[in-house]
Amino acid sequence: MNAIETRSTKRLLMICLSLALFFMTYTEVTYTQQKVMNKPKNLNTWTPSYLLPIQTDNPAAVQRTDFTITMRDGVIIDCLKFVPVGVTPPAGGWNTVIMHHGYGDHKETLADFCRAQAEYGYYTMTFSVRGQGLSGGLSNLISTIEADDLIEIVEWVKRDSVNGSNPSKILIMGGSQGGAVPMIAAIRGMRVAAIINSVAPPDFASSWIENGCAKMTLLWTVEYTPDTARYNGQVNRMSDWIYADTKPYWDSLKHYMPIGRDFINGLGNITTPVLVEAAWQDKFFNADGWMQHIDKINNAPITSYLGAVRGHGSDISYTEDVWHMDWFNNFFFQTLWGMQTPIFDQAKYQYAYTHFPVVDNQYFSFTHDSSSTLLRTSTVPMKLYLNKNGVLKTTAQTGSNTVVLKNKITNGYTLQQAVNDEFTGSNFTSKFKKDSVKFLSSALTTALEWTGTPIVRLDYKSAAQTFCQFNYQIYEVLPNGSRRFINRANFTDRNYTKDQRRQVTFRGQAHSHKFQAGSKILIIITNLDKAHTDVEFFGTNPFVLPTMKNGDHTVYLSSNSYVELPIMSNTGHRFDLAFEQDNSELNTPNTFSLSQNFPNPFNPSTMIQYSIADAQHVELKVYDLLGREVQTLVNELQNPGSYNVNFNAVNLSSGIYFYKISAGSFSDIRKMTLVK
């Protein structure tokens with residue numbers, strides 16, 4: 001690391017410390033709007049990860065100016081700028097950077113970053129978006145209204161060339177709200193030198209409610225207290241529509257959410273150079289929006305990255321951070337300084353895939369990769385069918401078989417009550433019963449890289465009226481039985497007729513992950529989508545809000561029941577050869593066996609695998625520590641083969657349990673631990 005990079009790294013640490021002190025001491029003005037949800041402390045909204053390329057080795061003295069700009073409708077926007085003290089460069093002024101904050105933040109969030117960058121020869125500026133911070137007006141939740149504000153602010157900055165801005169060298173950077181608004185503004189005619197868009201896909205608004213599901217992060221965002229955000233009438237109604245949990249209100253949310261917010265249709269109008277980045281594990285917005293639509297930016301230079309991006313609860317990768325620094329620098333050198341860099345000559349689609357081992361017992365490892373062709377066209381679909389006995393195979397189940405997912409809510413328990421309980425505690429667990437079913441593949445004979453968006457084909461019916469929900473979770477299970485959540489796909493039928501059999505195809509959350517040879521792929525279908533890796537971000541809350549309609553949901557194990565993963569391959573794959581012989585084909589095992597359940601410890605469900613050598617009457621029972629039988633899992637005649645059985649202990653207390661198999665003269669017993 002050279003001296004300049006060392007100084008930049010030290011300065012970044014100082015800025016982060018300053019921000020931490022700021023958040024502990026800053027107090028905003030309160031308002032009369034009645035909202036009940038404070039901004040979650042673990043939201044880690046976007047801030048610049050790196051200092052921008054420096055224009056001078058010697059930090060300059062800078063002057064901060066706080067000011068306001070009056071918008072076309074009279075709304076006053078609270079702003080600040082930092083300008084180096086001294087002689088303005090003769091070639092048009094200081095290179096100019098506008099930093100745009102994320103939703104629910106304010107100008108002070110980015111003030112220290114603006115100051116630090118200005119010290120190295122930039123005119124920097126930031127502001128509080130309308131309805132946020134000390135700016136006036138009411139928020140329309142990241143829309144054309146806020147974009148038109150930005151257009152006016154850019155024009156003000158251009159006119160401020162008398163104080164050192166460079167009208168022809170303005171770059172706008174931001175994440176989430178700060179990434180979406182500049183793109184919408186560019187579509188609506190804003191002209192600047194470059195845009196950095198972070199964690200804000202072109203269908204971000206629809207992403208919040210994709211496949212009929214309302215994400216927890218949407219409810220958080222439209223429920224902020226007035227000291228965080230003040231909403232106009234439409235946005236103020238959105239939380240009411242969500243809590244009502246009825247079809248007419250859902251239809252209102254579905255209709256109004258994309259209007260003036262999604263910007264897919266305008267991508268072809270963008271002529272400004274763009275840097276796009278998105279996170280695979282984004283808890284707000286699905287990176288699938290860029291997977292499907294990034295090539296619609298066809299009239300502007302573009303560079304893109306999908307992988308480890310800091311923001312919205314995604315995994316962190318220090319190795320990818322190092323790559324990012326050089327990538328960002330080259331974009332600035334090229335678009336602001338006019339220097340030739342590899343930024344637009346390198347592969348357009350940069351990405352990184354996750355894989356074991358887990359780093360610091362917290363995050364997947366990442367490996368960087370790239371493609372000169374669209375990622376969505378670089379894969380081969382691998383279908384994994386749901387089969388009986390909890391088996392996941394590359395061939396469809398024959399015959400008539402089903403599994404049942406129970407959605408049981410008692411005592412009139414409402415979504416509002418569940419949110420207030422944060423989906424935990426005795427009140428929640430006694431009134432909402434979590435249920436799941438599991439499907440496990442055989443071991444992989446080769447490593448497989450999934451890159452793209454999983455597609456789920458679901459064959460179902462439900463005893464519920466109007467709404468029913470199915471949440472798919474995808475895991476990798478290591479040879480030692482330990483497992484880790486990768487990503488998910490969620491679907492809620494919001495126009496359902498009770499007991500009607502239907503088929504539907506829906507897209508999940510985009511990801512890139514390499515399964516290692518010897519591992520197994522696990523699919524869990526559940527009525528409450530909470531994964532162990534979500535806890536740091538969500539606490540006890542789920543990814544999507546559950547439906548509060550009682551009824552058993554039936555999944556038919558047919559050729560219309562599968563999860564399709566896009567697998568990186570230039571020549572195609574015989575995916576049946578990528579797995580050890582399918583479980584159902586192990587029809588003549590040499591011995592009887594009972595495997596250790598996984599996961600273990602577990603909460604509240606676990607999978608038990610066993611094999612039988614010939615046709616036998618099989619009993620599989622669970623006992624408590626005192627030897628009392630608590631549940632019979634299997635009691636039937638079974639053919640030779642290997643079987644997976646799901647044990648759900650939602651109604652049992654924490655402790656040690658035993659499970660015992662009896663099949664003819666064979667018997668075995670193992671211990672397992674339930675931890676709640």
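Relative contact order for the chain: what percent, with Cα pairs under 8 Å and sequence separation of 6 or more? Walk me through the numbers before you get to the answer.
On the way: 1593 pairs, mean separation 73.2, N = 676.
Relative CO of the chain lands at 11 percent.
Counting alpha carbon pairs within less than 8 Å and at least 6 residues apart, what relative contact order, in whole percent, applies to segment 608-648? Present the calculation step by step, with values, prior to reporting the outcome.
Numbers: 67 pairs, mean separation 20.9, N = 41.
Dividing the mean separation by the residue count of segment 608-648 yields 51 percent.
Counting only protein heavy atoms, what percent of the accessible surface of segment 447-588 is carbon or sulfur at a 1.4 Å probe? Working shown, then result.
On the way: 2050 of 4700 Å².
So the carbon and sulfur contribution to the accessible surface is 44 percent.
For the chain, what does the helix formula give at 222 nm: sum of -39500 (n - 2.57) over DSSP H segments with n ≥ 4, over the residue count, nearest 500 deg cm²/dmol? Please list the in-between numbers first.
Details: 13 runs with 132 residues, N = 676.
Taking each H run of at least 4 residues, the total per residue is -6000 deg cm²/dmol.
What whole-number value in cubic angstrom gives the convex hull volume per residue for the C-alpha atoms of segment 147-233?
Values: hull volume 10.9 nm³, N = 87.
Dividing the Cα hull volume of segment 147-233 by its residues yields 125 Å³.
How big is segment 103-261 by the Kirkwood estimate over distinct Cα pairs, in Å? All intermediate terms of the calculation are to be shown ahead of the outcome.
Details: mean 1/r = 0.0597 Å⁻¹.
About 16.8 Å for segment 103-261.
Write down the accessible area per residue of the chain in Å², having rolled a 1.4 Å probe over the full set of protein chains.
Per-residue value: 38 Å².
Taking the Kirkwood radius as the inverse of the mean 1/r across Cα pairs, report the Rg/Rh of segment 204-305. Spell out each step's value before the answer.
Values: Rg = 15.6 Å, Rh = 15.3 Å.
Over the Cα atoms of segment 204-305, Rg/Rh equals 1.02.
Treat every Asp and Glu Cβ in the chain as -1 and every Lys and Arg Cβ as +1, leave all other atoms uncharged, and give the resulting dipole magnitude about the Cα centre to the nearest 20 debye.
Working: 58 positive and 58 negative charges, 201 e Å.
It comes to approximately 960 debye.
Report Rg/Rh for the chain, rounded to two decimals, where Rg is the Cα radius of gyration and Rh the Kirkwood radius. Working shown, then result.
On the way: Rg = 27.1 Å, Rh = 26.9 Å.
Using Cα coordinates only, the ratio equals 1.01.
Over segment 260-386, with every protein chain in place, what whole percent of the accessible area is carbon and sulfur at 1.4 Å, could you tell me? Please report the intermediate quantities before stating the final value.
Details: 2260 of 4590 Å².
On segment 260-386, the fraction of accessible area on carbon and sulfur atoms equals 49 percent.
Can you flag which of Lys393/Lys621; Lys254/Lys438; Lys406/Lys438; Lys431/Lys676; Lys438/Lys660; Lys81/Lys169 are past 22 Å Cα-Cα?
Values: Lys393/Lys621 27 Å; Lys254/Lys438 31 Å; Lys406/Lys438 14 Å; Lys431/Lys676 16 Å; Lys438/Lys660 20 Å; Lys81/Lys169 16 Å.
The answer is Lys393/Lys621; Lys254/Lys438.
Quick one: the Cα spread of segment 337-427 along its three principal axes, in angstroms, biggest first?
67, 45, 27
How big is D, in µm² s⁻¹, for segment 283-347 by Stokes-Einstein at 20 °C and 1.002 mPa s if Rh is the Kirkwood radius over C-alpha pairs? Show your work: numbers first, answer last.
Working: Rh = 13.6 Å.
Calculated translational D: 158 µm²/s.
Over the residues of segment 375-438, compute the C-alpha Rg and express it relative to 2.2 N^0.38 Å. Working shown, then result.
Working: Rg = 18.5 Å, N = 64, 2.2 N^0.38 = 10.7 Å.
So the Cα radius of gyration is 1.74 times the expected 2.2 N^0.38 Å.
The values are calculated or read from the model by the stated rules, or taken from the named source; none is laboratory data. Just so it is clear, the structure is predicted and the values come from calculations on it, not from any experiment. Because the Cβ atoms are built from the backbone with ideal geometry, glycine has one as well, and the counts that use them run over all protein chains shown. Note: areas computed on protein heavy atoms with side chains; ligands, DNA, RNA excluded. Shrake-Rupley method; radii C 1.70, N 1.55, O 1.52, S 1.80 Å.
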